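Okay, so here's the structure we're looking at.
The values are calculated or read from the model by the stated rules, or taken from the named source; none is laboratory data. Because the structure is predicted, anything quoted here is derived from the model rather than measured. Every residue, glycine as well, gets a Cβ built from its backbone with ideal geometry; the counts of neighbours run over all protein chains shown. Keep in mind that these areas ignore ligands, DNA and RNA; they rest on the heavy atoms of the full protein, side chains included. Shrake-Rupley method; radii C 1.70, N 1.55, O 1.52, S 1.80 Å.
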Amino acid sequence: MYRILIADDEKGICEGIVKKIDWNAIGYTVAGFAYNGVDALEKAEKLHPDVIMTDIKMPFLSGLELCRKLHAVMPAIKFII
């Protein structure tokens, strides 16, 4: 199973994404959530997800900055923005 990390500064959006998609049916497991860019960066470094689904505009570190930083150290991660 692929592991996905969901990053969005709105908790309701994260919860909604998890409820609307049957992750197991498409071969994914939700590794975790992050509610700002810095939290997402730290969790990604710890959890090593295969995919990160991120919002663009988040506190402390934008989704685009998050993608740039992670791509530099973990180039195999795929991003959904």
Tell me the relative contact order for the chain as a rounded percent, counting alpha carbon contacts under 8 Å between residues six or more apart. 34
Report the FRET efficiency, 1/(1 + (r/R0)^6), for H48 and K20, where r is their Cβ-Cβ distance and R0 is 25 Å, rounded to 0.05. 0.50
Sparse-neighbourhood loop hits (GluC sites (Glu not before Pro), segment 1-51; DSSP loop; Cβ within 10 Å at most 15 others) -> E10
Which residue, Y35, I80, F60, has the largest displacement toward the positive end of the dipole of the chain when charges sit on each Cβ (Lys, Arg +1; Asp, Glu -1)? I80
Can you give the charge dipole size of the chain about its Cα centre, rounded to the nearest 20 debye, using +1 on the beta carbon of Lys and Arg and -1 on the beta carbon of Asp and Glu? 160
Total charge of the residues flanking I4 in space, meaning their Cβ is under 15 Å from its Cβ, with Lys and Arg +1 and Asp and Glu -1, is +1
With every protein chain left in place, what is the accessible area per residue of the chain in square angstrom, probe 1.4 Å? 61
Label-to-label distance, nm, for residues given as S62 and K78 (7 Å Cα→Cβ offset): 2.5
Per the helix-only model, the chain has a calculated mean residue ellipticity at 222 nm (DSSP H runs of ≥4, -39500 (n - 2.57) each, divided over all residues, rounded to the nearest 500) of -12000 deg cm²/dmol
Given springs between every Cα pair under 10 Å in a Gaussian network model of the chain, which of D50, D22, D39 has the largest fluctuation? D22
Carbon and sulfur %, accessible surface of the chain computed with the full protein complex present, 1.4 Å: 57
If you average the alpha carbon positions of segment 1-30 and of segment 34-81, how far apart do those two centres end up, in angstrom? 14
Test of understanding: in a Gaussian network model of the chain with alpha carbons linked when under 10 Å, which of K57, K69, K20 would top the mean-square fluctuation ranking? K20
Using every alpha carbon pair in the chain, what percent of pairs falls into each 10 Å bin from 0 up to the bin containing the largest distance? 21, 57, 22, 1
